[in-house]
Amino acid sequence: MIRDRARVVIVGSGMGGGTLAWGLAQRGIDTLVVERGYPLPRERENWLPEAVFTERRYKPDEMWRDDEGGEFHPGVHYVVGGNTKVYGASLPRFRERDFLRTEYPTAVSPAWPFSYADLEPYYSQAESLYRVHGTTGQDPSEPWRSQPYPYPALPHEPYVQETISRLAAQGLHPASTAMGVDLRPGGSCQRCQTCDGFPCRLGAKSDAETCALGPALASGSVRLMTGARITRLETDEHGRIVRLHGDVDGEPLEVEGAAFVLSAGAANSAALLLASRTDEHPEGLANSSGLLGRNYMVHNNTHIATVDPRRRNDVVFQKTVCMNDFYDDLGDGYPGGALQAIGKVQGSMMKTHATRAPLAMLDRIADRSMEWVVMTEDTPSVHNRVTVDPDGCIRIHWRRTNYDRHEAFLSKARDILKKAGYSAIFEQRFTIDMNSHMCGTAVGGADPATSVLDPWCRSHDIPNLLVVDSAFFPSSAAQNPALTIAALALRVAAETDWDEVA
Ligand SMILES: Cc1cc2nc3c(=O)[nH]c(=O)nc-3n(C[C@H](O)[C@H](O)[C@H](O)COP(=O)(O)OP(=O)(O)OC[C@H]3O[C@@H](n4cnc5c(N)ncnc54)[C@H](O)[C@@H]3O)c2cc1C
């Protein structure tokens with residue numbers, strides 16, 4: 001039996017857990033981060049599309065189930081730093097409206113229990129921690145900020161600049177994407193083609209291990225246990241969590257603490273609490289609202305490859321431009337969404353989706369294509385939920401919500417890009433396994449009857465339990481989630497009275 005203890009125990013070292021550990025380190029709080037994975041090795045395969053996408057080298061073998069029992073590989077990475085080790089490092093803030101209630105024609109996006117203004121100082125802190133490069137004054141949807149971006153925006157390469165000119169000629173306002181890479185003076189980023197979706201062999205991507213957990217460990221008050229998978233939380237007769245149970249490579253593990261934080265990712269954090277059910281808590285821990293695991297959201301996303309046969313795309317680092325002109329209003333009084341260039345897709349990466357197309361043909365398309373994500377908001381539904389099967393397998397019950405808005409914005413994006421010279425457009429709509437933006441499974445709110453967590457991510461039911469990851473999100477917005485998760489974690493670290501929680 002392996003035993004350990006700390007004042008604060010965090011489960012998971014990704015965006016939520018790693019950033020929280022950094023925040024607790026600033027306060028000198030004795031913290032143990034318990035992570036089921038190991039550090040992702042820096043090796044040749046980091047940058048090989050076949051290894052990363054076809055062989056799924058950095059993904060777990062674990063399968064999850066859908067409604068009908070069909071199995072799929074989820075979009076998770078069980079390594080130190082979690083999903084941020086492979087993420088695209090696009091780090092935008094949510095907009096002010098995203099924290100308010102928004103009515104769509106057929107759905108409602110609920111308000112958060114605090115405003116953009118409450119989170120704004122922590123967005124600035126998160127941008128500094130994650131070395132965000134960006135610029136202001138281009139994007140009509142951008143929210144106000146108290147601090148400038150820490151670093152200037154990434155310059156656009158000529159091919160991207162030409163596309164920007166074509167969009168601007170339509171009266172649109174393409175803007176620089178806020179990016180977390182180390183292009184500071186003397187920084188280690190080389191602007192390579194293998195960033196978005198790949199681990200960084202140089203450590204130049206602003207992931208949670210590099211920017212937050214590493215410095216937290218160096219502080220001396222934070223420790224990390226790797227290979228340690230937590231399977232159950234145990235409560236005492238007062239209803240407080242007393243210890244975590246799990247294993248390290250098959251050897252039983254018990255971790256004691258005064259305060260416990262789940263940052264295992266939206267599905268795993270909810271699954272852990274559901275799997276910790278007892279006779280006293282038959283619906284799982286921290287679930288008096290009955291909402292634990294429900295309101296699972298993932299964004300309505302479509303990848304598109306837009307082809308202009310007359311122009312060869314020789315770009316190396318493509319992910320520098322986004323377009324939010326229709327974020328608040330698609331022209332019909334309702335929000336549209338965000339259009340963002342993604343990392344340059346190579347033919348072999350297309351092959352994981354277009355399995356029957358010959359590689360040579362995909363390479364020819366990739367030579368003249370530019371790739372984007374079309375992102376719109378999905379809305380919470382109690383029917384979309386995470387449950388845990390009797391054998392411990394995670395099951396995702398999911399139907400698309402607010403999809404009419406996705407169709408509408410996708411259609412607008414196609415029109416715009418066609419006018420910009422892209423005569424052929426190929427689409428890949430996100431399916432259940434493409435859930436890397438998942439959130440909402442332990443929603444935050446002021447009312448214990450309609451939320452799982454309070455506005456500072458603390459369980460309404462269990463005083464020494466917090467959930468600090470995207471599970472908290474009451475709505476998904478239509479911007480990438482990671483910076484908001486980091487800001488949330490920094491707010492919790494700074495504003496929580498840890499003496500009282502523990
Ligand atoms: C390919 C890809 C590209 C992406 N691009 C972007 C982007 O450009 N911008 C953006 O904002 N977001 C992006 N994302 C999403 C972003 O990475 C996630 O939103 C973010 O990492 C979620 O943070 P988290 O703390 O909730 O979970 P994670 O970062 O996934 O961390 C969860 C951690 O918990 C650990 N864990 C899980 N269960 C247990 C357990 N039982 N015991 C112990 N440890 C456990 C995991 O191993 C993991 O380390 C991308 C994701 C992927 C996969």
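The values are calculated or read from the model by the stated rules, or taken from the named source; none is laboratory data. The structure presented is a predicted model; accordingly, all values stated were derived computationally and were not measured. Glycine gets a Cβ as well: all are built from the backbone with ideal geometry, and neighbour counts include every protein chain shown.
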Subject >> Check on ALA486, closer than 27 Å to ASP30 by Cβ, hydrophobic (A, V, I, L, M, F, W, C) and within 15 Å of the chain's Cα centre (by Cα) >> reply: yes
Original post:
From GLY445, GLY421, which residue is closer than 27 Å to LEU262 by Cα and not basic (Lys, Arg)?
Top reply: GLY445
Original post:
Which one is nearest to CYS211 (Cα to Cα), of the residues in the stretch 70-93 that are touching a residue at least 40 places away in the same chain (Cβ under 8 Å) and surrounded by fewer than 16 Cβ atoms within 10 Å (Cβ to Cβ)?
Top reply: HIS73
Original post:
Just one of GLU127, GLU103, GLU120, GLU96 is more than 28 Å from TYR151 (Cβ to Cβ) and either more than 8 Å from the ligand (Cβ to nearest atom) or touching a residue at least 12 places away in the same chain (Cβ under 8 Å) (or both); which is it?
Top reply: GLU103
Original post:
Do any strands (runs of 3 or more DSSP E) entirely within the stretch 389-502 hold 3 or more residues that are closer than 20 Å to ASP67 by Cβ, and if so, which?
Top reply: 394-397
Original post:
Which residues, counting only those in the stretch 28-50, are in contact with a strand residue (DSSP E or B) (Cβ under 9 Å, 6 or more places away or on another chain), of a type in the set (A, V, I, L, M, F, W, C) and either surrounded by fewer than 20 Cβ atoms within 10 Å (Cβ to Cβ) or part of a loop (DSSP other than H, G, I, E, B) (or both)?
Top reply: ILE29, LEU40
Original post:
So which residues in the stretch 341-358 are in contact with a Cys (Cβ under 8 Å, 6 or more places away or on another chain) and surrounded by fewer than 24 Cβ atoms within 10 Å (Cβ to Cβ), if there are any at all?
Top reply: GLY343
Subject >> Residues within the stretch 365-388 that are outside any strand (DSSP E or B) and over 17 Å from VAL443 (Cα atoms), tallied >> reply: 4
Original post:
If SER369 satisfies every condition in (1) farther than 18 Å from ILE425 by Cβ; (2) crowded, with 24+ Cβ neighbours inside 10 Å; (3) polar (S, T, N, Q) but one, which is the exception?
Top reply: (1)
Original post:
In this structure, does SER141 turn out to be part of a loop (DSSP other than H, G, I, E, B) and of a type in the set (S, T, N, Q)?
Top reply: yes
Subject >> Extreme residue, farthest from PRO390 (Cα to Cα), among residues of the stretch 51-93 that are within 12 Å of the ligand (Cβ to nearest atom), charged (D, E, K, R) and part of a loop (DSSP other than H, G, I, E, B) >> reply: ARG93
Original post:
Residues TYR122, TYR130, TYR104: which one is in contact with a helix residue (DSSP H, G or I) (Cβ under 7 Å, 6 or more places away or on another chain), farther than 24 Å from THR19 by Cα and crowded, with 16+ Cβ neighbours inside 10 Å?
Top reply: TYR104
Subject >> Within the stretch 144-170, tally of residues that are more than 22 Å from TYR87 (Cα to Cα) and in a loop (DSSP other than H, G, I, E, B) >> reply: 7
**OP:** Report, by residue number, each residue of the stretch 223-257 that is more than 15 Å from the ligand (Cβ to nearest atom) and either in contact (Cβ under 8 Å) with a residue 60 or more places away in the chain or in contact with a helix residue (DSSP H, G or I) (Cβ under 6 Å, 6 or more places away or on another chain) (or both).
**Re:** THR235, GLY239, ARG240, GLU256
Original post:
Which one is surrounded by the fewest Cβ atoms within 10 Å (Cβ to Cβ), of the residues in the stretch 417-442 that are aliphatic (A, V, I, L, M) and either over 27 Å from the mean Cα position of the chain (by Cα) or within 14 Å of the ligand (Cβ to nearest atom) (or both)?
Top reply: ALA424
**OP:** Return the only residue of ARG56, ARG101, ARG95, ARG65 being closer than 30 Å to THR431 by Cα and in contact with a His (Cβ under 8 Å, 6 or more places away or on another chain).
**Re:** ARG56
Original post:
Within the stretch 236-275, which residues are more than 28 Å from the chain's Cα centre (by Cα), surrounded by fewer than 17 Cβ atoms within 10 Å (Cβ to Cβ) and of a type outside the set (Lys, Arg)?
Top reply: ASP236, GLU237, HIS238, GLY239, VAL242, GLY250, GLU251, PRO252, GLU254, GLU256
Original post:
Looking at this structure, is SER451 surrounded by fewer than 24 Cβ atoms within 10 Å (Cβ to Cβ) and either within 14 Å of the ligand (Cβ to nearest atom) or at pLDDT below 95 (or both)?
Top reply: no
Original post:
Do the conditions hold for ASP118, that is, is it charged (D, E, K, R), out of contact with any Ser or Thr (no Cβ under 8 Å at 6 or more places or on another chain) and in a loop (DSSP other than H, G, I, E, B)?
Top reply: no
Original post:
For the stretch 470-488, how many residues are over 12 Å from VAL298 (Cα atoms) and within 11 Å of the ligand (Cβ to nearest atom)?
Top reply: 7
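Matching residues to (1) touching a helix residue (DSSP H, G or I) at 6+ places or on another chain (Cβ under 9 Å); (2) on the phi > 0 side of the Ramachandran plot; (3) assigned to a loop (DSSP other than H, G, I, E, B); (4) buried (at least 24 other Cβ atoms within 10 Å of the Cβ):
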| residue | (1), (2), (3), (4) |
| --- | --- |
| ARG277 | no, no, yes, no |
| PRO282 | no, no, yes, no |
| SER288 | no, no, yes, no |
| LEU292 | yes, no, yes, yes |
| ARG311 | yes, no, yes, no |
| VAL315 | yes, no, yes, no |
| TYR327 | yes, no, yes, yes |
| LEU330 | yes, no, yes, no |
| TYR334 | yes, no, yes, no |
